[in-house]
Amino acid sequence: MKAMANELVANALSQAQRSRAIEALLLRLEAIEQACGEAFPLYSPALEDRWMLSSGGSWLGGFWAGLWWLRARVSGAAADRDKAIRIGQRLADKLQAPTLNRSMIFWYGLAPGALWFEHAASRQLLEQAGAALAPAFSQSLGCIPLGCDMGGGPDGDRRIAIDTLAPTLRLLAYHPQGSVRQLASQHVQGTLDACGNGQGAYCGSVHYAGGRLLAEGQAGLWSRGQAWAMLGLVQAAGLYGEPFLSAARRACEYWLQTRPEALPVNHLDRPETGVDPSAAVIAALAMLGLDGLPGQSRPWRAQAERLLAAVLRSRYVVLEGASPGLFGGMHYRTHEGEGLVESSCSSFFLLLALLVLDGQVGALDC
């Protein structure tokens, strides 16, 4: 126990290190904008600084707006806020897209504006998104299925996914209409029941076939899937308390038991696929949220800082040189194959986690 405590202290980030990383990530937005213009940046392979673009943003579009909201939160600059607003309003054409990924798009792209800046148009679009999502709730599945668009595939209406758990919960729970808010905890419980093994481990997705739910992979093996579950559980615990608080603690404990290294492999059963630093970032954000909830004895903040320090000190983050703020650490399947990319999603969560660690935003804010 003492050795672990000493390790956590040794891995702590100094104020100067946090500030330097935050500054670099914020500065990086300008370089990405110069490379992408009015298009949405999707991903750039590894550390190549070679962006694949989208006119509509796909499921990643909301994170691009979210990054500018984070920058506006730090800078207080009207120009940054206005840029976030313009990008966020361009997401409106995704309101009726048949995919649960809408929750990723609208929560992370609009909630910071609605919650932090009281921006009326962002709040209105956020409420429209929650109302648009609610009719997709499946009574037979006990949650909202993934849907067929944006990679869901032809059986998407029979598939349950873990990665949208946190934003779907927040999007539904935020809605002013009671019947929509009611679905939030139901969706969380239905998703967890389908994807979890009861011991703190969660698989990335399941599908309904032959009258039963079939897991697509063993629970707990996919690192980012486990991290997504942790994030959703901690958000649910913040809103509702038990039984989600105990489940969140079990999920985070499972992470520490199965992933002693700070940079986790993408799949525990396939170490040859390499590490996924973005999973460590999302897991750290979940642990930061858990740290502030009642009855926690483990030093979750210190564990989160250990993960974030390892990411920042790895070769997957560039803090100096030609491309400061480049985070090429998200394991992702592209047309060129599967590997690490820079994306607005992973950069958003890294910046958000560092701002939480720095005390500039709350761990459960968004």
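Distance between the pseudo-spin-label points of residue 273 and residue 55 (7 Å out from Cα toward the beta carbon): 3.3 nm. Computed over the chain with a Gaussian network model linking Cα atoms closer than 10 Å, the most mobile of 116, 228, 59 is 116. Projected onto their three principal axes, the Cα atoms of segment 1-155 cover extents of 50, 45, 35 Å, largest first. Between the alpha-carbon centres of segment 56-74 and segment 124-185 there is a gap of 20 Å. Residue order by solvent-accessible surface for 223, 55, 246 is 55, 246, 223, largest first, with ligands and nucleic acids left out and a 1.4 Å probe.
Once the gyration tensor of the Cα atoms in segment 276-366 is diagonalised, the equivalent ellipsoid follows with semi-axes of 25, 14, 12 Å, ordered largest first. Here the chain is assigned +1 on the Cβ of each Lys and Arg and -1 on the Cβ of each Asp and Glu. Its dipole about the Cα centre then comes out at about 540 debye. The heavy atoms of residue 52 offer some 70 square angstrom of accessible surface to a 1.4 angstrom probe.
Within segment 251-269, list the residues whose amide N lies under 15 Å from a label point set 7 Å along Cα→Cβ of residue 17. Within reach of a label on residue 17: 262-263. Taking every alpha-carbon pair within segment 171-312, the share separated by more than 19 Å comes to 52 percent.
If you plug the beta carbon distance of residue 338 and residue 27 into 1/(1 + (r/R0)^6) with R0 = 22 Å, you get a FRET efficiency near 0.15. Using a 1.4 Å probe on the protein heavy atoms only, what accessible surface does residue 119 show? Give it in Å² to the nearest 10. Looks like 40 Å² after rounding.
Size descriptors for the chain (Cα atoms only): Rg and Dmax, in that order, 19.0, 56 Å. Across 315, 102, 250, mean-square fluctuation computed from a Gaussian network of the chain (C-alpha pairs under 10 Å connected) peaks at 315.
The values are calculated or read from the model by the stated rules, or taken from the named source; none is laboratory data. Since we're looking at a predicted model, the values are computed, not measured. Here Cβ is always computed from backbone atoms with ideal geometry, including for glycine, and neighbour counts include all displayed protein chains. These accessible areas exclude ligands, DNA and RNA; they are computed on the full protein's heavy atoms, side chains included. Shrake-Rupley method; radii C 1.70, N 1.55, O 1.52, S 1.80 Å.
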